[in-house]
Structures are given as structure tokens and as C-alpha cells.
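Participant: First the structure, which I've put down as C-alpha cells, then a few questions once you've had a look.
The values are calculated or read from the model by the stated rules, or taken from the named source; none is laboratory data. Computed from a prediction, not measured in an experiment: that's the story for all the values here. Cβ placement follows ideal geometry from the backbone for every residue including glycine, while neighbour counts extend to all protein chains displayed.
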Amino acid sequence: GAMRHLPYFCRGEVVKGFGRGSKELGIPTANFSEQVVESFPSDISTGIYYGWACVGNGDVHKMVLSIGWNPFYKNIKKSVETHIIHTFKEDFYGEILSIVITGYIRPEKNFDSLDELILAIQEDIEEAKRQLDLPEHLKLKEDNFFHLPEGKIVNNH
Ligand code: ADP
Ligand code: MG
């Protein structure tokens, strides 16, 4: 199921992805390591989700997230990729990304063209923005999960 595991809290290092050119499409996605992906419930649905995200001890931003099949592993392993709805000055590979997934938008889809894919993602982003303003989702932005004590060691970093 998609909703059964929500809200889902997760923290881990941002690693290099498959390089499918998300950034070139204007939609960079911060990938979690294989280890973090393995820690997800095995029966969580693939598809597009939304929630809150924070890099290191930075601000908490809205995000959309995809749980999908990872082409690098011949689609036998999942990948979890977060697009944070915020413009960052620099990349943040190697940093700790904290997320809470609060809602589900839709299953994975195949698109006939790149334009259709980009349009769908833009609609996902608008849907995420609207949903996250609702009190039940907004309240998770302030969750203590996002307030890492200074200098606290997480995930061996
Ligand atoms: P990769 O295949 O390595 O994941 P992407 O094209 O998906 O490459 O770009 C992802 C990287 O872009 C992230 O790891 C992060 O360092 C950087 N980045 C910059 N802005 C964002 C953002 N708003 N959301 C997610 N990642 C971002
Ligand atoms: Mg990516």
C-alpha cells in the first residue's frame, strides 16, 4: 500500500544517482543510497509522493518524491529520489537529507514524450504544494525530527 506507512520518516546521505539528467530537465532529484532504500518497507507502493525535506541543519522545504524501479539494478531494486521545491545555490552530495513523506499522489507512469513527463511532474509539484498547506500535512513541517542537535552523529557521519 501507499498510505499505510505514512507519515514515513527517513534520514540518509545523498548519493550520486543514475544520471538520467533530472537536473537538465530542471528537476534535480537527490538520491538515497541503496542501504537507505533497502530500509524502506518492502511493500510500499512505487509512485509519486509528497512531504517535507531538509538538507543537513537547513530549512525545511516542501518536496515531491518518487519511489521507483532502479534501471541501474535492472529494475530489481527500488530507488528513492527527492526533488526539493527550493532553489539551492550548490549541489549537496554527501550531505544528510531528512524527509518525512506525508501523502501519495499517483502511481508510476510511462510517458509518450519528454514534454508530457515534464508537464506531469510540474502538476505533481503543484499538487504537493497545495496538499502540504493543509493543516494535517503542515504540522509535520515543525516535527522534532527536523531539529538535529548540533554536532549529533547520524548515520555514521
Ligand atoms: P543524480 O543522478 O546524481 O541524482 P540529478 O540530476 O538527479 O543527479 O541531480 C541531483 C542532485 O542535484 C542532488 O544530489 C543535489 O546535490 C542537487 N540538487 C540541487 N538542487 C536540488 C533540489 N532542489 N532538489 C534535489 N536535489 C537538488
Ligand atoms: Mg537524481
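Participant: Considering only the range 86-98, how many residues are exposed (fewer than 15 other Cβ atoms within 10 Å of the Cβ) and away from ligand 2 (no atom under 15 Å from the Cβ)?
Facilitator: Number satisfying all stated conditions: 4.
Participant: Between a residue in the range 18-39 that is more than 8 Å from ligand 1 (Cβ to nearest atom) and any residue that is among the charged types (D, E, K, R) and at pLDDT below 95, which pairs come within a Cβ distance under 9 Å, given they are 6 or more apart or on different chains?
Facilitator: Glu34/Lys77; Val37/Lys77; Val37/Lys78; Glu38/Lys77; Glu38/Lys78
Participant: Here's something else I'd like to know. Select, from Ile27, Ile44, Ile105, Ile101, the only residue that is within 14 Å of ligand 2 (Cβ to nearest atom) and closer than 25 Å to Leu138 by Cα.
Facilitator: Checking each option against the conditions leaves just Ile27.
Participant: Also, quick follow-up: Those residues that are among the acidic types (Asp, Glu) and not in a loop (DSSP other than H, G, I, E, B), I need them from the range 1-52; list them, please.
Facilitator: Glu13, Glu34, Glu38
Participant: Mind telling me which of the residues Glu81, Glu38 ends up being farther than 18 Å from Phe145 by Cβ, surrounded by fewer than 20 Cβ atoms within 10 Å (Cβ to Cβ) and out of contact with any helix residue (DSSP H, G or I) (no Cβ under 7 Å at 6 or more places or on another chain)?
Facilitator: Of Glu81, Glu38, the one residue that is farther than 18 Å from Phe145 by Cβ, surrounded by fewer than 20 Cβ atoms within 10 Å (Cβ to Cβ) and out of contact with any helix residue (DSSP H, G or I) (no Cβ under 7 Å at 6 or more places or on another chain) is Glu38.
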